[in-house]
Amino acid sequence: MFRRIIIFFSFTFFLSQMPDWDCDGDGLLDNLNDYANSGSFTAGVLLDGVNMSSEGDMFAAFIEDELRGVGTLSLVPDVTPVFGEWAGQYQFAILIYSNEASGETMHFKYYDLDTDSVYDIDDTYEFISDMTEGNAVSPVVFDFSSSNLT
């Protein structure tokens with residue numbers, strides 16, 4: 001029985017698609033010191049119009065194929081008069097990095113732990129140094145389809 005458990009866990013580990021976006025688990029881009037400029041997003045991520053984000057999910061920004069930012073998952077306080085429709089829901093705070101002051105095109109990916117799937121998000125934004133996009137009351141909303149599976 002003990003061998004079966006080890007084999008099961010090993011098999012599950014090898015099937016996992018969990019991305020290595022945050023190897024040290026601190027919620028920040030691992031090589032952020034390589035970049036001179038940064039900007040931020042507060043993002044709400046919807047899958048087919050529904051906020052499916054939960055503990056263990058990840059959100060990341062890329063410029064071309066290079067990882068440039070990792071989102072930190074946070075639960076918006078459940079205070080409807082203050083946070084409106086986002087009260088009690090998850091959002092991502094993400095710092096994005098570049099050595100250019102502007103002009104690079106960012107695209108995003110979302111990892112859903114429950115389905116062990118990475119989704120491409122169609123939305124793109126231009127990186128602008130010191131940008132601050134969205135907040136807990138009015139996040140930048142990324143709504144993508146389950147057909148965007150990577």
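Structure values in brief
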| quantity | calculated |
| --- | --- |
| Qualifying positions in segment 106-146 - open to solvent by 60 Å² or more (accessible area, probe 1.4 Å) and assigned to a loop (DSSP other than H, G, I, E, B) | LEU113, ASP114, THR115, ASP130, ASN135, VAL137, SER138 |
| Pair list, Cβ under 7 Å, 6 or more apart: segment 38-67 residue touching a residue at least 40 places away in the same chain (Cβ under 8 Å) and under 14 Å from THR115 (Cα atoms), other residue of a type in the set (D, E, K, R) and surrounded by fewer than 17 Cβ atoms within 10 Å (Cβ to Cβ) | SER54/ASP114 |
| Residue that is surrounded by the fewest Cβ atoms within 10 Å (Cβ to Cβ), among those in segment 81-105 that are within 17 Å of MET58 (Cβ to Cβ) and out of contact with any helix residue (DSSP H, G or I) (no Cβ under 7 Å at 6 or more places or on another chain) | GLN89 |
| Those residues of segment 107-141 which are under 17 Å from LEU75 (Cα atoms) and among the hydrophobic types (A, V, I, L, M, F, W, C), in sequence order | LEU113, ALA136, VAL137, VAL140, VAL141 |
| Qualifying residue in segment 28-38 (condition: buried (at least 20 other Cβ atoms within 10 Å of the Cβ), modelled with pLDDT of 95 or more, in contact with a helix residue (DSSP H, G or I) (Cβ under 9 Å, 6 or more places away or on another chain) and over 26 Å from SER146 (Cα atoms)) | no |
| Conditions (1) over 22 Å from ASP22 (Cα atoms); (2) more than 13 Å from the chain's Cα centre (by Cα); (3) at pLDDT below 95: number failed by ASP143 | (2) |
| Meets criteria (assigned to a strand (DSSP E or B), closer than 19 Å to GLY39 by Cβ and of a type in the set (Val, Ile, Thr)) for VAL70 | yes |
| Residue check for PHE83: more than 15 Å from the chain's Cα centre (by Cα) and on the phi < 0 side of the Ramachandran plot | yes |
| Residue match in segment 74-91 (condition: in contact with an Asp or Glu (Cβ under 6 Å, 6 or more places away or on another chain) and farther than 22 Å from GLY27 by Cβ) | yes |
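Yes or no, residue by residue, for (1) surrounded by fewer than 16 Cβ atoms within 10 Å (Cβ to Cβ); (2) at pLDDT below 90:
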position	(1), (2)
ASP24	yes, yes
ALA43	no, no
VAL50	yes, no
ALA60	no, no
ARG68	no, no
PRO77	yes, no
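The values are calculated or read from the model by the stated rules, or taken from the named source; none is laboratory data. Worth saying up front: this structure is predicted, and the values here are computed from it rather than measured. Using ideal geometry, Cβ is built from the backbone for each residue, glycine included, and neighbour counts are taken over all protein chains shown. With ligands, DNA and RNA removed, areas are computed over all heavy atoms of the protein, side chains included. Shrake-Rupley method; radii C 1.70, N 1.55, O 1.52, S 1.80 Å.
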